[in-house]
Amino acid sequence: MSPLLVIFSAGFGAATAAFLPRLAHRLAVGRADGPRPACAVCARPFSPGFSGWVRAGAACCFGGYAWTTAAGATVAALLAVVIGPSPRLPPLLLAAVPGLLLAVIDRRCLRLPDRLVAAVGVLGGVPLAVLRPDRIAPALLAAVAVLTAYGLMWVAGGLGLGDVKLAAVLAMILGFAGWPAVVVGVLAPHLINGPIALFVLVTGRRQIMPFGPALLVGALIGLTAA
Ligand SMILES: [Zn+2]
(Lines give C-alpha, C1' and ligand atoms only; values in the text may rest on other atoms or scores of the structure.)
Protein backbone atom coordinates (compact mmCIF):
# COMPACT_ATOMS: atom_id res chain seq x y z
CA MET A 1 0.00 0.00 0.00
CA SER A 2 1.35 3.39 -0.98
CA PRO A 3 0.41 6.24 1.43
CA LEU A 4 0.85 8.79 -1.35
CA LEU A 5 -1.58 6.91 -3.58
CA VAL A 6 -4.15 6.74 -0.76
CA ILE A 7 -3.79 10.46 -0.01
CA PHE A 8 -4.03 11.39 -3.69
CA SER A 9 -7.09 9.18 -4.17
CA ALA A 10 -8.79 10.59 -1.05
CA GLY A 11 -8.15 14.09 -2.42
CA PHE A 12 -9.71 13.12 -5.75
CA GLY A 13 -12.69 11.57 -3.97
CA ALA A 14 -13.25 14.64 -1.78
CA ALA A 15 -12.79 17.08 -4.68
CA THR A 16 -15.29 15.28 -6.94
CA ALA A 17 -17.78 14.64 -4.12
CA ALA A 18 -17.79 18.39 -3.40
CA PHE A 19 -19.74 18.81 -6.64
CA LEU A 20 -22.39 16.23 -5.73
CA PRO A 21 -24.70 18.08 -3.26
CA ARG A 22 -26.01 20.40 -5.98
CA LEU A 23 -26.54 17.50 -8.41
CA ALA A 24 -28.19 15.36 -5.71
CA HIS A 25 -30.53 18.15 -4.66
CA ARG A 26 -31.65 18.78 -8.23
CA LEU A 27 -31.98 15.09 -9.18
CA ALA A 28 -33.61 13.76 -5.99
CA VAL A 29 -37.16 14.23 -7.29
CA GLY A 30 -40.19 12.06 -7.96
CA ARG A 31 -40.22 9.64 -10.87
CA ALA A 32 -42.45 11.80 -13.04
CA ASP A 33 -40.73 15.09 -12.18
CA GLY A 34 -37.96 16.78 -14.11
CA PRO A 35 -34.84 18.07 -12.35
CA ARG A 36 -35.57 20.55 -9.56
CA PRO A 37 -35.43 24.08 -11.03
CA ALA A 38 -35.13 25.84 -7.66
CA CYS A 39 -33.94 25.23 -4.10
CA ALA A 40 -36.52 23.18 -2.18
CA VAL A 41 -36.02 25.29 0.96
CA CYS A 42 -35.78 28.94 -0.12
CA ALA A 43 -37.19 28.54 -3.67
CA ARG A 44 -34.29 30.51 -5.17
CA PRO A 45 -33.96 29.26 -8.78
CA PHE A 46 -30.77 27.55 -9.91
CA SER A 47 -29.08 29.39 -12.74
CA PRO A 48 -29.90 27.90 -16.16
CA GLY A 49 -27.33 25.77 -17.95
CA PHE A 50 -23.94 24.52 -16.83
CA SER A 51 -23.42 26.72 -13.75
CA GLY A 52 -26.77 25.63 -12.33
CA TRP A 53 -25.49 22.07 -12.22
CA VAL A 54 -21.74 22.12 -11.81
CA ARG A 55 -20.85 23.86 -8.60
CA ALA A 56 -18.84 22.74 -5.59
CA GLY A 57 -20.22 23.20 -2.11
CA ALA A 58 -23.61 22.96 -0.49
CA ALA A 59 -26.71 22.97 -2.69
CA CYS A 60 -28.06 26.40 -1.68
CA CYS A 61 -29.39 26.16 1.88
CA PHE A 62 -29.52 22.37 1.79
CA GLY A 63 -26.98 20.71 4.08
CA GLY A 64 -25.04 17.47 3.80
CA TYR A 65 -22.00 18.99 2.14
CA ALA A 66 -19.41 17.91 4.74
CA TRP A 67 -20.91 14.42 4.93
CA THR A 68 -20.81 13.92 1.16
CA THR A 69 -17.22 15.15 0.86
CA ALA A 70 -16.10 12.89 3.72
CA ALA A 71 -17.88 9.92 2.11
CA GLY A 72 -16.20 10.63 -1.24
CA ALA A 73 -12.76 10.81 0.39
CA THR A 74 -13.36 7.62 2.40
CA VAL A 75 -14.61 5.56 -0.56
CA ALA A 76 -11.71 6.69 -2.78
CA ALA A 77 -9.14 6.02 -0.02
CA LEU A 78 -10.58 2.52 0.54
CA LEU A 79 -10.40 1.81 -3.20
CA ALA A 80 -6.74 2.90 -3.24
CA VAL A 81 -5.97 0.62 -0.27
CA VAL A 82 -7.82 -2.36 -1.82
CA ILE A 83 -6.72 -1.98 -5.46
CA GLY A 84 -3.26 -0.48 -4.91
CA PRO A 85 -1.08 0.98 -7.66
CA SER A 86 -2.85 -0.67 -10.60
CA PRO A 87 -4.31 0.68 -13.86
CA ARG A 88 -7.64 -0.68 -12.53
CA LEU A 89 -7.72 2.04 -9.86
CA PRO A 90 -8.58 5.14 -12.00
CA PRO A 91 -11.70 3.61 -13.63
CA LEU A 92 -12.98 2.47 -10.23
CA LEU A 93 -12.30 5.91 -8.71
CA LEU A 94 -14.24 7.49 -11.59
CA ALA A 95 -17.15 5.02 -11.32
CA ALA A 96 -17.37 5.77 -7.59
CA VAL A 97 -18.37 9.39 -8.32
CA PRO A 98 -21.79 8.61 -9.92
CA GLY A 99 -21.97 5.70 -7.44
CA LEU A 100 -21.89 8.06 -4.47
CA LEU A 101 -24.40 10.35 -6.19
CA LEU A 102 -26.74 7.35 -6.65
CA ALA A 103 -26.45 6.45 -2.95
CA VAL A 104 -27.38 10.01 -1.90
CA ILE A 105 -30.31 10.24 -4.33
CA ASP A 106 -31.66 6.77 -3.44
CA ARG A 107 -31.51 7.60 0.27
CA ARG A 108 -33.48 10.82 -0.33
CA CYS A 109 -36.15 9.71 -2.80
CA LEU A 110 -35.82 5.93 -3.37
CA ARG A 111 -34.74 6.33 -6.95
CA LEU A 112 -31.71 5.22 -8.95
CA PRO A 113 -31.79 7.27 -12.18
CA ASP A 114 -30.89 5.16 -15.25
CA ARG A 115 -28.34 7.63 -16.61
CA LEU A 116 -26.31 7.55 -13.41
CA VAL A 117 -26.44 3.73 -13.26
CA ALA A 118 -25.24 3.72 -16.88
CA ALA A 119 -22.47 6.18 -15.96
CA VAL A 120 -21.19 3.75 -13.30
CA GLY A 121 -21.20 0.95 -15.87
CA VAL A 122 -19.46 2.94 -18.63
CA LEU A 123 -16.86 4.70 -16.46
CA GLY A 124 -15.95 1.46 -14.70
CA GLY A 125 -16.74 -1.21 -17.28
CA VAL A 126 -15.23 0.18 -20.51
CA PRO A 127 -11.68 0.82 -19.19
CA LEU A 128 -11.71 -2.50 -17.29
CA ALA A 129 -12.72 -4.31 -20.50
CA VAL A 130 -9.78 -2.68 -22.29
CA LEU A 131 -7.38 -3.60 -19.47
CA ARG A 132 -8.66 -7.15 -18.96
CA PRO A 133 -10.21 -8.43 -22.23
CA ASP A 134 -9.84 -11.98 -20.85
CA ARG A 135 -12.35 -11.10 -18.11
CA ILE A 136 -15.08 -9.68 -20.36
CA ALA A 137 -16.96 -13.01 -20.63
CA PRO A 138 -17.00 -13.71 -16.84
CA ALA A 139 -17.99 -10.08 -16.17
CA LEU A 140 -20.94 -10.28 -18.57
CA LEU A 141 -21.91 -13.69 -17.17
CA ALA A 142 -21.92 -12.24 -13.63
CA ALA A 143 -24.08 -9.34 -14.81
CA VAL A 144 -26.60 -11.63 -16.54
CA ALA A 145 -26.76 -14.00 -13.52
CA VAL A 146 -27.41 -11.12 -11.10
CA LEU A 147 -29.86 -9.50 -13.54
CA THR A 148 -31.83 -12.76 -13.63
CA ALA A 149 -31.78 -13.33 -9.84
CA TYR A 150 -32.67 -9.73 -8.99
CA GLY A 151 -35.21 -9.65 -11.80
CA LEU A 152 -37.01 -12.54 -10.09
CA MET A 153 -36.86 -10.65 -6.77
CA TRP A 154 -38.35 -7.64 -8.55
CA VAL A 155 -41.19 -9.79 -9.90
CA ALA A 156 -41.76 -11.13 -6.36
CA GLY A 157 -41.86 -7.54 -5.09
CA GLY A 158 -39.65 -5.84 -2.55
CA LEU A 159 -37.04 -4.54 -4.95
CA GLY A 160 -37.13 -1.62 -7.34
CA LEU A 161 -36.24 -1.95 -11.01
CA GLY A 162 -33.42 0.54 -10.37
CA ASP A 163 -31.97 -1.87 -7.79
CA VAL A 164 -32.01 -4.67 -10.40
CA LYS A 165 -30.14 -2.56 -12.97
CA LEU A 166 -27.58 -1.24 -10.47
CA ALA A 167 -26.96 -4.74 -9.05
CA ALA A 168 -26.27 -6.06 -12.58
CA VAL A 169 -23.89 -3.20 -13.41
CA LEU A 170 -21.99 -3.67 -10.14
CA ALA A 171 -21.81 -7.45 -10.72
CA MET A 172 -20.22 -6.75 -14.11
CA ILE A 173 -17.57 -4.51 -12.51
CA LEU A 174 -16.95 -7.13 -9.80
CA GLY A 175 -16.75 -9.77 -12.53
CA PHE A 176 -13.57 -8.11 -13.81
CA ALA A 177 -12.07 -8.61 -10.34
CA GLY A 178 -12.95 -12.34 -10.19
CA TRP A 179 -15.66 -14.69 -8.95
CA PRO A 180 -14.85 -14.35 -5.21
CA ALA A 181 -15.45 -10.60 -5.59
CA VAL A 182 -18.80 -11.27 -7.32
CA VAL A 183 -19.98 -13.68 -4.60
CA VAL A 184 -18.99 -11.40 -1.70
CA GLY A 185 -20.29 -8.32 -3.51
CA VAL A 186 -23.67 -9.94 -4.16
CA LEU A 187 -24.12 -11.32 -0.62
CA ALA A 188 -22.80 -8.31 1.34
CA PRO A 189 -25.70 -5.90 0.56
CA HIS A 190 -28.18 -8.34 2.12
CA LEU A 191 -26.01 -8.72 5.22
CA ILE A 192 -25.84 -4.92 5.45
CA ASN A 193 -29.55 -4.22 4.93
CA GLY A 194 -30.81 -7.19 7.00
CA PRO A 195 -29.89 -5.79 10.44
CA ILE A 196 -31.01 -2.29 9.41
CA ALA A 197 -34.39 -3.65 8.27
CA LEU A 198 -34.71 -5.49 11.60
CA PHE A 199 -33.89 -2.29 13.49
CA VAL A 200 -36.50 -0.37 11.50
CA LEU A 201 -39.06 -3.12 12.20
CA VAL A 202 -38.25 -3.28 15.94
CA THR A 203 -38.36 0.49 16.42
CA GLY A 204 -41.69 0.56 14.59
CA ARG A 205 -40.53 3.10 12.04
CA ARG A 206 -42.32 1.68 9.05
CA GLN A 207 -40.62 2.97 5.98
CA ILE A 208 -39.40 1.69 2.66
CA MET A 209 -35.66 1.34 2.75
CA PRO A 210 -33.39 2.23 -0.15
CA PHE A 211 -31.32 -0.74 -1.31
CA GLY A 212 -28.93 1.23 -3.57
CA PRO A 213 -26.52 2.36 -0.82
CA ALA A 214 -26.21 -1.25 0.45
CA LEU A 215 -25.57 -2.49 -3.11
CA LEU A 216 -22.78 0.07 -3.57
CA VAL A 217 -21.14 -0.56 -0.18
CA GLY A 218 -21.47 -4.31 -0.85
CA ALA A 219 -19.61 -3.90 -4.16
CA LEU A 220 -16.84 -2.04 -2.33
CA ILE A 221 -16.60 -4.93 0.15
CA GLY A 222 -16.65 -7.40 -2.77
CA LEU A 223 -13.57 -5.75 -4.28
CA THR A 224 -11.64 -6.54 -1.08
CA ALA A 225 -12.27 -10.25 -1.76
CA ALA A 226 -10.49 -10.10 -5.13
ZN1 LIG B 1 -32.04 27.64 -0.72
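Side notes on the structure shown:
- Between residue 81 and residue 15, the C-beta separation translates, for a Förster distance of 22 Å, into a calculated FRET efficiency of about 0.75.
- Residue-averaged [θ]222 nm for the chain, counting only DSSP H segments that reach four residues, each worth -39500 (n - 2.57): -23000 deg cm²/dmol
- Sequence-separation-based contact order of region 140-221, relative, with Cα cut under 8 Å and 6+ spacing, percent: 32
- Among 85, 138, 48, the residue with the largest mean-square fluctuation in a Gaussian network model of the chain, with springs joining Cα atoms closer than 10 Å, is 48.
- Full extension of the segment from residue 141 to residue 41, taken as 0.36 nm per residue of separation minus the current Cα-Cα distance, would add 31.5 nm.
- Rounded to the nearest 20 debye, the dipole magnitude of the chain is 520 debye, with +1 charges on Lys and Arg beta carbons, -1 on Asp and Glu beta carbons, and the Cα centre as origin.
- Kyte-Doolittle at least 0.0, axis length at least 20 Å by Cα - qualifying DSSP helices, the chain: 3-17, 65-83, 89-109, 114-131, 136-156, 161-177, 179-202
- Residue 33 accessible area, assembled protein chains, probe 1.4 Å, Å²: 100
- Whether region 133-200 is rounded, prolate or oblate, judged on the alpha carbon gyration tensor where a/c under 1.5 counts as rounded: oblate
- Average Cα contact separation per residue, the chain, under 8 Å, 6 or more apart, as relative contact order %: 19
- Relative contact order of region 1-133, pairs being alpha-carbon contacts under 8 Å that are 6 or more residues apart, as %: 31
- Shape of the chain, Cα gyration tensor, a/c cut at 1.5: oblate
- Stretch gain in nm, segment residue 50-residue 200, where the contour uses 0.36 nm per residue and the Cα spacing is subtracted: 50.0 nm
- Probe 1.4 Å, all protein chains present, accessible-area order of 192, 83, largest first: 192, 83
- Within a Gaussian network of the chain (alpha carbon springs, distance under 10 Å), most fluctuating of 59, 80, 137: 137
- Inter-part distance where region 56-92 and region 114-178 are each reduced to a Cα centre, Å: 21
- Residues 109, 39 ordered from highest to lowest accessible area at a 1.4 Å probe: 109, 39.
- Loop-located trypsin sites (Lys or Arg not before Pro) in region 1-68, at most 11 other Cβ atoms within 10 Å (DSSP): 31
The values are calculated or read from the model by the stated rules, or taken from the named source; none is laboratory data. The model shown is predicted, which means the values in this text are computed figures rather than measured ones. Heads up, the Cβs are rebuilt from the backbone with ideal geometry, glycines too, and the neighbour counts pull from every protein chain shown. Surface accessibility is based on the protein's heavy atoms, side chains included, excluding ligands, DNA and RNA. Shrake-Rupley method; radii C 1.70, N 1.55, O 1.52, S 1.80 Å.
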